[in-house]
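**Q** Let me begin by handing over the structure; questions about it come next.
FYI, it's all coordinate maths here, none of it is from the lab. Since the structure is predicted, the reported quantities are computational estimates derived from the model, not experimental observations. We place every Cβ from the backbone using ideal geometry, glycine too, and count neighbours over all the protein chains shown.
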């Protein structure tokens, strides 16, 4: 049997090891850590290759590749979005990711990203809310109580000090699931009978629904002044959650405008609709929240740099630990010009 050399081996973080790593670090601590890594990379925004994700759409969902590089490392994520999967006992979103060394082109990490994406999405939301939400925000309406809801709630608790989450989902069982999972977390959960009830007294309004359609989860008359809207459900063409009137009254903040204008809430608006890029707010180049009556809106679609940050974090955390195993992924012949000879000798 041919024994692979060290150069052939790539650290792989399986679902089991990712869960072990999260329990080892602690969910809330990992959310804080990821938010820090993401914020650090937003501060380096101009260094990165930036392109809208490459999407392959079908009648039932979408499969996407999300690549980027800072010149030293290259990362990409494979991710799908299939809302119909839940009814079939499957995840709506699954993902895996890879980080590589730009100098050699060799992969240095392969990891599950279904769980990691849930964490990085929530960490991004809370990092942005830290900059945009009203000071002292302690109550959030969580509209849509699927796989992301607990992560969003815990991220807002860990990073903003959230105390109460008001839950609404058209399927009450989803709200009951979320409330049960958050029991003992230190968050008060209130299950509500309507979106209107959920937003009562909330300073942060998070929408996260799965249906691939132009929906109106929040109507214009439901949203008063002085709130922060965290709109994370819209993530592909033809899928929105907010009434157009809300956008017209809000200051809208986005990750990467060429992607958000196609996939986000602002796909409803003209191409010259004014938005602010978040990296500029984080660097102090543009204003975030400027008044108590302002409506701030994070039109979140997810961007490759956030996944890159998550990959960097996992690479740093699993190095020299038991939370990965090595995959024999790369051919490494003794003579780089003799790949066939390596194959022949293995017979």
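**Q** For residue 163 and residue 280 in the same chain, what is the full-extension length gain: residue separation times 0.36 nm, less their Cα-Cα distance, in nm? Can you show the working numbers first?
**A** Values: separation 117, 0.36 × 117 = 42.12 nm, distance 2.92 nm.
Stretched out fully, the residue 163 to residue 280 stretch lengthens by 39.2 nm.
**Q** Just from its helices, what would the mean residue ellipticity at 222 nm be for the chain, if runs of 4 or more DSSP H residues each count -39500 (n - 2.57) and the sum is divided by every residue, rounded to the nearest 500 deg cm²/dmol?
**A** Value at 222 nm, helices only, nearest 500: -10000 deg cm²/dmol.
**Q** Over segment 133-303, what per residue volume does the convex hull of the Cα atoms give, in whole Å³?
**A** It comes to 106 Å³ per residue, whole-number rounded.
**Q** In degrees from 0 to 90, rounded to the nearest 10, what is the angle of the helix 172-182 Cα long axis to the longest principal axis of the chain?
**A** Its long axis makes an angle of about 70 degrees.
**Q** Between residue 287 and residue 44, what is the FRET efficiency for a Förster distance of 30 Å, r being their Cβ-Cβ separation, to the nearest 0.05?
**A** 0.90
**Q** Can you grab the distance from the C-alpha centre of segment 99-150 to the C-alpha centre of segment 21-62, Å, no decimals?
**A** Going from one Cα centre to the other spans 5 Å.
**Q** Moving on. Could you state the angle between the C-alpha long axis of helix 15-25 and the longest principal axis of the C-alpha atoms of the chain, as a value from 0 to 90 degrees rounded to the nearest 10?
**A** 60 degrees
**Q** For q = 0.07, 0.10 Å⁻¹, what log10 I(q)/I(0) does the chain give under the Debye formula with an equal point scatterer on each alpha carbon and no solvent?
**A** Log10 of I(q)/I(0), two decimals: -0.31, -0.60.
**Q** Tell me, 48, 298, 273 in order of fewest to most beta-carbon neighbours within 10 Å?
**A** Fewest to most other Cβ atoms nearby, the residues stand as 273, 48, 298.
**Q** Further, regarding this structure: Please check: in the Gaussian network model of the chain (C-alpha springs, under 10 Å), which one of 300, 291, 14 has the largest mean-square fluctuation.
**A** 291
**Q** Name the most mobile residue of 241, 88, 39, meaning the one with the largest mean-square fluctuation, in a Gaussian network model of the chain with Cα contacts below 10 Å.
**A** Looking only at 241, 88, 39, the largest GNM fluctuation is found for 88.
**Q** Report the extension gain between residue 216 and residue 337 in nm, rounded to one decimal, defined as 0.36 nm multiplied by the number of residues separating them, less their alpha carbon distance.
**A** That works out to 37.6 nm of additional length.
**Q** Just to be sure I understand the curve: with the Debye formula and one point per C-alpha of segment 57-101, what is log10 I(q)/I(0) at q = 0.20, 0.21 Å⁻¹?
**A** Taken in order of the listed q values, log10 I(q)/I(0) reads -0.66, -0.69.
**Q** Let me ask you something else. Top mean-square fluctuation among 297, 182, 283, Gaussian network model of the chain, C-alpha springs under 10 Å?
**A** For the chain, modelled as a Gaussian network with Cα springs under 10 Å, the answer is 283.
**Q** What list do you get for 82, 228 if you sort them by fewest beta carbons within 10 Å? Intermediate values should be presented prior to the final figure.
**A** On the way: 82 19, 228 27.
Arranged by neighbour count, lowest to highest, 82, 228 become 82, 228.
**Q** Ok, one more. Any idea how far apart residue 197 and residue 72 come out in nm if each label point goes 7 Å out from Cα toward Cβ?
**A** 5.2 nm
**Q** Hey, quick one: spin label on residue 188, modelled 7 Å out along Cα-Cβ, who in segment 139-154 has an amide N within reach, i.e. under 16 Å?
**A** 139-142
**Q** Starting from the 7 Å offset along Cα-to-Cβ, what nm value, one decimal, do you get for the label separation of residue 102 and residue 272?
**A** 3.6 nm
**Q** Okay, moving on. At a 10 Å Cβ-Cβ cut-off, how would you order 299, 272, 287, 335, fewest neighbours first?
**A** On the way: 299 27, 272 5, 287 11, 335 8.
Listing 299, 272, 287, 335 from fewest to most nearby Cβ atoms yields 272, 335, 287, 299.
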